[in-house]
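Peer 1: Here's a structure for you.
The values are calculated or read from the model by the stated rules, or taken from the named source; none is laboratory data. None of the values given here were measured: they were computed from a predicted structure. Please note: Cβ atoms are built from the backbone with ideal geometry, for glycine as well, and neighbour counts cover all protein chains shown.
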Amino acid sequence: MPEVRLVNVTKRYGKIVANDHINLTIKDGEYVSVIGPSGCGKTTLIKSIAGIIKPDEGEIYIDGRLVNDLPIEERGVGYVFQNIALFPHMTVWDNIVYGPKVRCLPPEETRALALEMLEMIKLSARSDAYPSELSGGTQQKTAVARALISRARLLLLDEPLGALDVKVRAELRYELRRLVKDLKLTALHVTHDQEEAMSISDRVVVMKKGRIVEAGTPINLYVRPKNIFTANFVGEANFLRGVVTQVNKDRSIVEIRGGSKLVTKNTDGGVGDPVVIAFRPEFASIVRKKRLNRLSGKIVDVLYSGSIVRLKVELANGDRVVVKKALSFERPTFNVGDKVTVNIPPKDILVYPYPEEGLDRALALE
Amino acid sequence: MSLIKLVNVTKRFGEITALDRINLSIEDGEYVCILGPTGAGKTTLLRIIAGLLDPDEGEVYIEGRPVNGVPPERRNAVYMFQEYALFPHMTVWENVSYGPVIKDWDRDRIDRVTSEILEMVRLAERKDAFPHELSGGMQQRVALARGIASGARILLLDEPLGALDARLRVDLRTQLRSLVKDQGLTAVHVTHDQEEALMIADRVVILREGRIEQVGTPHEIYSEPRSIFVTSFVGGANFVEGNVAEVGDSGSVVELRGGLRIQVSKRGRSIGEKVVVAVRREDVTVGTEKVTGSNNILGMVGSVLFIGGSIEYEVRLENGERISSRILLSDAPKTYRVGERVVVSFPPERCYVFPYPKAGLLKEIEAV
């Protein structure tokens, strides 16, 4: 029953607070990812759970047991690093059985365990290969097998796919999830790649400057991010500044710079509050018909990437927004200079209070 | 006249042929991405253009002049390493003005050029900072600024965004492109990230095992891939094996495993030929009704994934084959659950047909 619970976990490095009163519970069998820009404290967090770093304050419980003072080998965790840490002079087999050997397990038991692990990562045929003879992806799978042979039920993955090619990474991430689910493990996966986190996790935790900004299911974080930073960090978004001019029961009106008005589903704020509205580029469309929430503008750039086209539109007030569309087979053509109207359905507009620190700082990735 | 021209360039390292008779022309002002998996020879190619490596055979021309044997500093090209390689003991300003100072430009000109370029990469305010005080993204921009300040017309970029966080990388892609375009420079950019290449480049060169597999605009590469490898590496697709069962005027019929027949609009095949049919995930729709004019196959939803604003279904077909469909969340009228019975549809015009590869299908598409 590897449930992980963090209570007020705090870690400082000199003046920098790497983890600031982190409270988080990872349920038994859950696959949780932690994402955030460089320096947000995600690696400190996973290392604290592993027992590599000791927090200054707070408690860490694994299986209901306080582990603050337990060394890594007694925490029942398997830890996989970004830099594949296999012994280069040992074969796959010897790498995998290294732990059991050091712990002086009987040879028969070690052998049975190793065979099971090799089966699990589908590498039985390559047990005599040396790491240098394997692809990066296969090496990392070997590292996972080595981490799990101790019968760890909690798998801590610290950028496990970070050193691999994009395409390999995309394939391996599903294998990781399958492994965790098949073996009924609990997994905490730290990554800087939000797409990776969003596609394999039950829940995603977004961190910034040592704190948890927000946690939720991938789809909720994408469609209804509570925090403006999340809206920007997870997927693409457009941001426009405005002021609330009307608040009704289930609709409000926001006037953006330049005077255009947009109807939104609802907002926290009151009339006169400065706000930032956000919307995903694919929820906006280029329209001809008369609809609610039309903004006129001019296409300034057209970017194709595979099946997707991104249109950069300069609005009448000078703000620029991106509209993203799937290219259908019989595609309409868009050209730079075209005058267009952008429509954003009220339900797809997110409204945030204007951040005290300013918009740029609230969205900053570095 | 092409700005850069490679004629039959070959490079061997011992028994390995890193580059095998490469022919490529790059025009003035072009942004070209060299795309390929690890070990394809991308970096070798870039280093040969830079003059950091000599080819064993073939010629390299820059501005019409043969440059074999010409040292890097006299090629009008600047090579930017994966690691930014800034001088750690120098400030941002000193790093960027290094080239102009070495070239002994007069003080005014150095100051003007340096501040102009720092302004451009939006680092004017950090001119007195040392590299270690900056984030990875900022260091990357300093390195870029230094490259531009050197006055070279050609930027050779080796995975310039490789060391950055995924999210930041996406932001910097478009900045990098506009910087190169605004300055009227020519860029050759090596990457293994197909999305990056498609978004940034005027033209993409796909390299595989030392050879050029295909060259074209991002749109051409994506919509008219010439091989299974390119289809798989750029954009990805569903691949199914079959035999050509009928050949008609408007296309052919391919019989898949279990006797399932699909219509493809490609011609020029012969009956009985063993083929691979590729269909992009984003060309496959999932619904409850058949779509007229499309191939419609019954199946059951096997898994539902959420990927970067899209929903991806894996559907198990009646013949045991699996087909994936990717639909933008905003275009998905409703979502289906695992276990639901559905119809997958894809138009004949969106099926690519390739002869069955001699080495087997897996070798062409496997990444791991």
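Peer 1: Please verify whether residue A:184 is away from chain B (no Cβ under 12 Å) and farther than 21 Å from residue A:280 by Cβ, treating the condition exactly as stated. Don't jump to the end; show me each part of the working.
Peer 2: Values: away from chain B (no Cβ under 12 Å): yes; farther than 21 Å from residue A:280 by Cβ: yes.
So residue A:184 passes the test.
Peer 1: What are the residues in the stretch A:188-209 that are at pLDDT 95 or above and on the phi > 0 side of the Ramachandran plot, if any?
Peer 2: If the condition is that a residue be at pLDDT 95 or above and on the phi > 0 side of the Ramachandran plot, then no residue fits.
Peer 1: Continuing with the same structure: Would you check if residue A:119 is modelled with pLDDT under 90 and not in a loop (DSSP other than H, G, I, E, B)?
Peer 2: Working: modelled with pLDDT under 90: yes; not in a loop (DSSP other than H, G, I, E, B): yes.
Considered against the rule, which asks whether it is modelled with pLDDT under 90 and not in a loop (DSSP other than H, G, I, E, B), residue A:119 comes out as yes.
Peer 1: Now a separate question. Sort through B:215, B:204 and tell me the only one that's part of a strand (DSSP E or B) and within 13 Å of chain A (Cβ to nearest Cβ). Give the steps one after another, and end with the answer.
Peer 2: Numbers: B:215 fails: within 13 Å of chain A (Cβ to nearest Cβ).
Within the list B:215, B:204, the selection yields B:204.
Peer 1: Looking for something within 14 Å of chain B (Cβ to nearest Cβ), β-branched (Val, Ile, Thr) and touching a Lys or Arg at 6+ places or on another chain (Cβ under 9 Å) - is there at least one such residue anywhere in the stretch A:251-263?
Peer 2: Here is the first cut: in the stretch A:251-263, the ones within 14 Å of chain B (Cβ to nearest Cβ) are none.
There is no residue in the stretch A:251-263 that is within 14 Å of chain B (Cβ to nearest Cβ), β-branched (Val, Ile, Thr) and touching a Lys or Arg at 6+ places or on another chain (Cβ under 9 Å).
Peer 1: Here's something else I'd like to know. Considering the stretch A:317-326 alone, what residues qualify as being within 13 Å of another protein chain (Cβ to nearest Cβ) and at pLDDT 90 or above? Write out each step before concluding.
Peer 2: Going through the stretch A:317-326, the residues within 13 Å of another protein chain (Cβ to nearest Cβ) turn out to be A:320, A:322-326.
Once the filter is applied, which keeps residues that are within 13 Å of another protein chain (Cβ to nearest Cβ) and at pLDDT 90 or above, the stretch A:317-326 yields A:320, A:322, A:323, A:324.
Peer 1: Among the candidates B:126, B:107, single out the residue that is farther than 20 Å from residue B:200 by Cα, at pLDDT 90 or above, surrounded by fewer than 21 Cβ atoms within 10 Å (Cβ to Cβ) and within 14 Å of chain A (Cβ to nearest Cβ).
Peer 2: Numbers: B:107 fails: within 14 Å of chain A (Cβ to nearest Cβ).
Of B:126, B:107, the one residue that is farther than 20 Å from residue B:200 by Cα, at pLDDT 90 or above, surrounded by fewer than 21 Cβ atoms within 10 Å (Cβ to Cβ) and within 14 Å of chain A (Cβ to nearest Cβ) is B:126.
Peer 1: Sticking with this one: Can you name the condition, by its number, that residue B:269 falls short on among (1) touching a Gly at 6+ places or on another chain (Cβ under 8 Å); (2) modelled with pLDDT under 95; (3) more than 14 Å from chain A (Cβ to nearest Cβ)?
Peer 2: Failing condition for residue B:269: (1).
Peer 1: Which of the following residues is more than 12 Å from every other protein chain (Cβ to nearest Cβ) and β-branched (Val, Ile, Thr): B:291, B:234, B:230?
Peer 2: Values: B:291 fails: more than 12 Å from every other protein chain (Cβ to nearest Cβ); B:234 fails: more than 12 Å from every other protein chain (Cβ to nearest Cβ).
B:230 is the lone residue from the list that is more than 12 Å from every other protein chain (Cβ to nearest Cβ) and β-branched (Val, Ile, Thr).
Peer 1: Which of (1) surrounded by fewer than 21 Cβ atoms within 10 Å (Cβ to Cβ); (2) in contact with a His (Cβ under 8 Å, 6 or more places away or on another chain); (3) away from every other protein chain (no Cβ under 14 Å) is the odd one out, the single condition residue A:103 does not satisfy?
Peer 2: So residue A:103 meets the others, but not (2).
Peer 1: Related question: Which condition breaks for residue A:362 when tested against (1) of a type in the set (Gly, Ala, Ser); (2) under 30 Å from residue A:210 (Cβ atoms); (3) more than 29 Å from the chain's Cα centre (by Cα)?
Peer 2: (3)
Peer 1: Go through A:129, A:170, A:112, A:145 for me and flag whichever is in a helix (DSSP H, G or I) and over 28 Å from residue A:199 (Cβ atoms).
Peer 2: Numbers: A:129 fails: in a helix (DSSP H, G or I); A:170 fails: over 28 Å from residue A:199 (Cβ atoms); A:145 fails: over 28 Å from residue A:199 (Cβ atoms).
Going through A:129, A:170, A:112, A:145 in turn, the sole match is A:112.
Peer 1: Sort through A:330, A:314, A:356 and tell me the only one that's in a strand (DSSP E or B) and either modelled with pLDDT under 90 or outside the structural domain of residue A:210 (by TED's automatic domain parsing) (or both).
Peer 2: Values: A:330 fails: in a strand (DSSP E or B); A:356 fails: in a strand (DSSP E or B).
That would be A:314, the only listed residue that is in a strand (DSSP E or B) and either modelled with pLDDT under 90 or outside the structural domain of residue A:210 (by TED's automatic domain parsing) (or both).
Peer 1: Something else about it: Against the condition of a type outside the set (Val, Ile, Thr) and surrounded by 13 or more Cβ atoms within 10 Å (Cβ to Cβ), how does residue A:359 come out, does it pass?
Peer 2: Working: of a type outside the set (Val, Ile, Thr): yes; surrounded by 13 or more Cβ atoms within 10 Å (Cβ to Cβ): yes.
Yes: the conditions hold for residue A:359.
Peer 1: Further question on the same structure: Among the residues of the stretch A:273-311, count how many are under 30 Å from the mean Cα position of the chain (by Cα), more than 9 Å from every other protein chain (Cβ to nearest Cβ) and at pLDDT 90 or above.
Peer 2: Here the count works out to 7.
Peer 1: Among the residues that make up the stretch A:289-303, is at least one of them closer than 30 Å to residue A:356 by Cα, of a type in the set (Ser, Thr, Tyr), assigned by TED's automatic domain parsing to the domain that holds residue A:320 and surrounded by fewer than 14 Cβ atoms within 10 Å (Cβ to Cβ)?
Peer 2: The answer is yes; a qualifying residue exists.
Peer 1: Something else: Among (1) more than 9 Å from the chain's Cα centre (by Cα); (2) more than 9 Å from chain B (Cβ to nearest Cβ); (3) in contact (Cβ under 8 Å) with a residue 12 or more places away in the chain, there is one condition residue A:178 misses while meeting the rest; what is its number?
Peer 2: (3)
Peer 1: Of the conditions (1) within 9 Å of chain B (Cβ to nearest Cβ); (2) surrounded by fewer than 22 Cβ atoms within 10 Å (Cβ to Cβ); (3) over 16 Å from the mean Cα position of the chain (by Cα); (4) of a type outside the set (Gly, Ala, Ser), residue A:166 satisfies every one except a single condition; which number is it?
Peer 2: Looking at each condition in turn, residue A:166 falls short on (3).
Peer 1: Among the residues of the stretch A:180-191, what is the count of those that are buried (at least 19 other Cβ atoms within 10 Å of the Cβ) and out of contact with any Ser or Thr (no Cβ under 7 Å at 6 or more places or on another chain)? Even if it seems obvious, please write down each step before you answer.
Peer 2: In the first step, residues of the stretch A:180-191 are kept if they are buried (at least 19 other Cβ atoms within 10 Å of the Cβ); the result is A:180, A:185-191.
Now narrow it down to the ones that are out of contact with any Ser or Thr (no Cβ under 7 Å at 6 or more places or on another chain): A:180, A:185-188.
Residues in the stretch A:180-191 being buried (at least 19 other Cβ atoms within 10 Å of the Cβ) and out of contact with any Ser or Thr (no Cβ under 7 Å at 6 or more places or on another chain): 5 in total.
Peer 1: I'm told residue B:221 meets every condition in (1) under 17 Å from the mean Cα position of the chain (by Cα); (2) at pLDDT 90 or above; (3) surrounded by fewer than 23 Cβ atoms within 10 Å (Cβ to Cβ) except one. Can you identify the failing condition by its number?
Peer 2: Of everything listed in (1) under 17 Å from the mean Cα position of the chain (by Cα); (2) at pLDDT 90 or above; (3) surrounded by fewer than 23 Cβ atoms within 10 Å (Cβ to Cβ), residue B:221 misses just condition (3).
Peer 1: Something else: Inside the stretch B:41-72, can you point out the residues that are in contact with a Gly (Cβ under 8 Å, 6 or more places away or on another chain) and acidic (Asp, Glu)?
Peer 2: B:54, the sole residue that qualifies.
Peer 1: For the stretch A:11-40, what are the residues that are more than 14 Å from chain B (Cβ to nearest Cβ), part of a loop (DSSP other than H, G, I, E, B) and of a type outside the set (D, E, K, R)? Let's see the steps before the verdict.
Peer 2: Kept after step one, since they are more than 14 Å from chain B (Cβ to nearest Cβ), are these residues of the stretch A:11-40: A:11-15, A:17-30, A:32.
Still in the running and part of a loop (DSSP other than H, G, I, E, B): A:14-15, A:27-30.
Selection gives A:14, A:29.
Peer 1: Being of a type in the set (Ser, Thr, Tyr), over 18 Å from the mean Cα position of the chain (by Cα), assigned by TED's automatic domain parsing to the domain that holds residue B:163 and under 15 Å from residue B:207 (Cβ atoms) is true for just one of B:43, B:38, B:17, B:91. Which residue is that? Break it down stepwise before answering.
Peer 2: On the way: B:43 fails: over 18 Å from the mean Cα position of the chain (by Cα); B:38 fails: over 18 Å from the mean Cα position of the chain (by Cα); B:91 fails: under 15 Å from residue B:207 (Cβ atoms).
Result: B:17 is the single residue among B:43, B:38, B:17, B:91 that is of a type in the set (Ser, Thr, Tyr), over 18 Å from the mean Cα position of the chain (by Cα), assigned by TED's automatic domain parsing to the domain that holds residue B:163 and under 15 Å from residue B:207 (Cβ atoms).
Peer 1: Quick one: which of B:224, B:321 is within 14 Å of chain A (Cβ to nearest Cβ) and acidic (Asp, Glu)? It would help to see each step written out before you state the result.
Peer 2: Working: B:321 fails: within 14 Å of chain A (Cβ to nearest Cβ).
After applying the criteria, what remains is B:224.
Peer 1: Could you tell me how many of the residues in the stretch B:127-167 are part of a helix (DSSP H, G or I), touching a Ser or Thr at 6+ places or on another chain (Cβ under 9 Å) and of a type outside the set (Gly, Ala, Ser)? Explain how you work it out, then say what you get.
Peer 2: Start the filter on the stretch B:127-167 by keeping residues that are part of a helix (DSSP H, G or I), which leaves B:131-133, B:136-149, B:166-167.
Next, from what is left, pick out any that are touching a Ser or Thr at 6+ places or on another chain (Cβ under 9 Å): B:131, B:136-137, B:145-146, B:149, B:166.
Okay, now just the ones that are also of a type outside the set (Gly, Ala, Ser), so B:131, B:146.
Summing the residues that are part of a helix (DSSP H, G or I), touching a Ser or Thr at 6+ places or on another chain (Cβ under 9 Å) and of a type outside the set (Gly, Ala, Ser) in the stretch B:127-167 gives 2.
Peer 1: Okay, next question. Residues that are more than 12 Å from chain B (Cβ to nearest Cβ) and surrounded by 24 or more Cβ atoms within 10 Å (Cβ to Cβ): does the stretch A:196-205 have at least one?
Peer 2: Looking only at the stretch A:196-205, we keep the residues that are more than 12 Å from chain B (Cβ to nearest Cβ), and these are A:203, A:205.
Then drop every residue that is not surrounded by 24 or more Cβ atoms within 10 Å (Cβ to Cβ), which leaves A:205.
Looking for residues that are more than 12 Å from chain B (Cβ to nearest Cβ) and surrounded by 24 or more Cβ atoms within 10 Å (Cβ to Cβ), one finds at least one in the stretch A:196-205, hence yes.
Peer 1: Let me ask another. Testing residue A:134 on (1) more than 14 Å from chain B (Cβ to nearest Cβ); (2) in contact (Cβ under 8 Å) with a residue 40 or more places away in the chain, one condition comes back false. Which one is that?
Peer 2: Failed condition: (1).
Peer 1: Residue B:343 fails exactly one of the following numbered conditions: (1) more than 14 Å from chain A (Cβ to nearest Cβ); (2) out of contact with any Ser or Thr (no Cβ under 8 Å at 6 or more places or on another chain); (3) hydrophobic (A, V, I, L, M, F, W, C). What is the number of that condition?
Peer 2: Of (1) more than 14 Å from chain A (Cβ to nearest Cβ); (2) out of contact with any Ser or Thr (no Cβ under 8 Å at 6 or more places or on another chain); (3) hydrophobic (A, V, I, L, M, F, W, C), only one is false for residue B:343: (2).
Peer 1: Now, a different point. Residue by residue through the stretch B:295-343, note down the ones that are small (Gly, Ala, Ser), out of contact with any Lys or Arg (no Cβ under 9 Å at 6 or more places or on another chain) and farther than 26 Å from residue A:348 by Cβ. Full working, then the answer.
Peer 2: First pass over the stretch B:295-343, keeping only residues small (Gly, Ala, Ser): B:299, B:302-303, B:308-310, B:320, B:324-325, B:330, B:332, B:339.
Imposing the further condition that a residue be out of contact with any Lys or Arg (no Cβ under 9 Å at 6 or more places or on another chain) reduces the set to B:303, B:308, B:332, B:339.
Listed by number, the residues that qualify are B:303, B:339.
Peer 1: Let me ask something else. Among the residues that make up the stretch B:177-193, is at least one of them closer than 25 Å to residue B:125 by Cβ, within 10 Å of another protein chain (Cβ to nearest Cβ) and surrounded by fewer than 23 Cβ atoms within 10 Å (Cβ to Cβ)? Don't jump to the end; show me each part of the working.
Peer 2: So in the stretch B:177-193, the residues closer than 25 Å to residue B:125 by Cβ come out as B:177-183, B:185.
Next, from what is left, pick out any that are within 10 Å of another protein chain (Cβ to nearest Cβ): B:177-178.
From the residues that got through so far, the ones that are surrounded by fewer than 23 Cβ atoms within 10 Å (Cβ to Cβ) too are B:177-178.
Yes, the stretch B:177-193 contains a residue that is closer than 25 Å to residue B:125 by Cβ, within 10 Å of another protein chain (Cβ to nearest Cβ) and surrounded by fewer than 23 Cβ atoms within 10 Å (Cβ to Cβ).
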